[in-house]
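Once you've had a glance at the structure underneath, I'll fire off some questions.
The values are calculated or read from the model by the stated rules, or taken from the named source; none is laboratory data. Computed from a predicted structure; not experimentally measured. Note: ideal-geometry Cβ built from the backbone for every residue, glycine included; neighbour counts use all protein chains shown. Accessible surface areas use protein heavy atoms only, side chains included; no ligands, DNA or RNA. Shrake-Rupley method; radii C 1.70, N 1.55, O 1.52, S 1.80 Å.
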Amino acid sequence: MKTGLVLEGGAMRGMFTAGVLDVMMEHGIKPDGIVGVSAGACFGCNYKSCQPGRAIRYNKAFAKDKRYCSVWSLVKTGDIFNADFAYHVVPVEYDPFDNEAFESNEMEFHVVCTDVMTGKPVYHVCDKGGHEFFDWVRASASMPVVSNVVEIGGYRLLDGGMSDSIPLEYFEGQGFERNLVILTQPAGYVKRPIRMLPLLRFALRKYPAVIEAMRVRHEMYNSQLAYVACAEREGRALVIRPSCNIPIGHVCHDPEQMQAVYEMGRAEGEKRIEEINLFFNNY
């Protein structure tokens, strides 16, 4: 039976996910595959490369660096998270991503993006590290309006969370029958219709399919929460989520705040590590 990790996004709420994942790596838990969306892809890739601590380390190190994430970058490049510096300089020069370990690990790694021409999800299996891989991760995490469309693999792509926020059903369809789902919203959360839709209609007027995806995103997300709850009741999914709202915005320049959210994830991971271990090993 194939086991998997399903990692939703949530921008800097993903520091919670990074904390849980680091605890799991430290305890030697090895699922057969991972599917990550947006921040889930950005931070989850360190699981396959066996680099606990990397996600929190580089985010804190560059939290206040305008080359990494800033209005300056947005104005200068069109990306609030600088495409070149954040995705090609940092993982090569400053906090190297271990491409060799990533490629030698048999664990599958899937990313979810959104095709801006259709508004539908695009799933890509990443088995090679390096710059093209970094661009697939960047595409998955490219938030609309504050990011450029990423052209790769014959697609034009943005944030995967717009079309498949919690890809448990997709991963089950890929043969992963038993999955740990890490969410970045607490129990009882219900997504509401987007309030900035008029702004999005103007900013994304070239991409009507994306506008429609955003218009119905709350319906998709809440339906996926119901699907996850059903899988959890039936025992084929184990769900890890924060116990309360995570006190951080989509963008954060405060290393201490990042550390606090990361520690929330670590605490939840430590609290449930025996349960996680049993879920992956006793079936």
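Full extension from TYR189 to ALA260: what is 0.36 nm times the residue separation minus their Cα-Cα distance, to one decimal in nm?
Full extension from TYR189 to ALA260 adds 23.5 nm.
Can you give me the relative contact order of the chain as a percent, contacts being Cα pairs under 8 Å and 6 or more apart?
With pairs under 8 Å counted, the relative contact order is 28 percent.
Can you send over the carbon and sulfur percentage of the accessible area for the stretch 174-283, probe radius 1.4 Å, protein chains only?
After summing per-atom areas, the C and S share lands at 52 percent.
Per residue, how much accessible surface does the chain expose to a 1.4 Å probe? Answer in Å², no decimals.
For the chain, the per-residue accessible area is 44 Å².
First measure r as the distance between the Cβ atoms of VAL216 and GLU274, then evaluate 1/(1 + (r/R0)^6) with R0 = 45 Å and state the FRET efficiency to the nearest 0.05.
After rounding to 0.05, the efficiency reads 0.70.
Now, a different point. I need to check one value: relative contact order of the stretch 161-242, counting alpha carbon pairs closer than 8 Å and at least 6 residues apart, in percent.
Taking the mean separation of contacting Cα pairs over the length of the stretch 161-242, I get 50 percent.
Given the -39500 (n - 2.57) contribution per DSSP H run of 4+ residues, what per-residue ellipticity at 222 nm results for the chain, rounded to the nearest 500 deg cm²/dmol?
Using -39500 (n - 2.57) per qualifying helix, the result is -12000 deg cm²/dmol.
Let me ask another. I'd like the distance between the alpha-carbon centres of the stretch 175-228 and the stretch 124-159, rounded to an integer number of Å.
A separation of 19 Å, based on Cα centres.
For a quick check: with amide H placed at 1.01 Å from N, whose amide H comes under 5 Å from GLU177's, ignoring anything fewer than 5 positions away on the same chain?
Answer set, sorted by chain and number: LYS2.
Short version: ³J(HN,Hα) in whole Hz for each residue of the stretch 149-156, in order, from phi by Karplus 6.51 cos²θ - 1.76 cosθ + 1.60 (θ = phi - 60°), x for Gly and Pro, what are they?
Running phi through 6.51 cos²θ - 1.76 cosθ + 1.60 with θ = phi - 60° gives 5, 9, 9, 7, x, x, 10, 10 Hz.
Heavy atoms only, probe 1.4 Å: what % of the accessible area of the stretch 54-167 goes to carbon and sulfur, would you let me know?
On the stretch 54-167, the fraction of accessible area on carbon and sulfur atoms equals 50 percent.
Then there is this: Taking amide H atoms as placed 1.01 Å from N in the peptide plane, list the residues 5 or more away in sequence, or in a different chain, whose amide H sits under 5 Å from that of GLU108.
Here the answer is GLY33, ILE34, since their amide H atoms fall under 5 Å of that of GLU108.
Work out, step by step, the length gained on full extension between HIS88 and ASN105: first 0.36 nm times the residue separation, then minus their alpha carbon distance; give nm to one decimal.
Difference between extended and current length: 4.0 nm.
In addition: Relative to the compact-globule scaling 2.2 N^0.38 Å, provide the ratio for the alpha-carbon radius of gyration of the stretch 86-201.
Computed over Cα atoms of the stretch 86-201, the ratio equals 1.18.
Got a sec to turn the phi values of the stretch 46-51 into Karplus ³J(HN,Hα) couplings, 6.51 cos²θ - 1.76 cosθ + 1.60 with θ = phi - 60°, whole Hz, x for Gly and Pro?
5, 6, 5, 8, 6, 10
Starting from the coordinates of the alpha-carbon atoms of the stretch 1-85, obtain the Kirkwood hydrodynamic radius over all distinct pairs and give the value in Å to one decimal.
Taking every pair of different Cα atoms in the stretch 1-85, averaging 1/r and inverting gives 13.8 Å.
Now for a separate question. What is the gain in length, in nm to one decimal, between HIS253 and LYS120 on full extension, counting 0.36 nm per residue of separation less the C-alpha to C-alpha distance?
Here the segment from HIS253 to LYS120 would lengthen by 44.7 nm.
Next question, about the same structure. Binning at 10 Å from 0, report for the chain what percent of all alpha-carbon pair distances ends up in each bin.
Going out from 0 Å in 10 Å bins, the chain shows 7, 31, 39, 20, 3, 0 percent.
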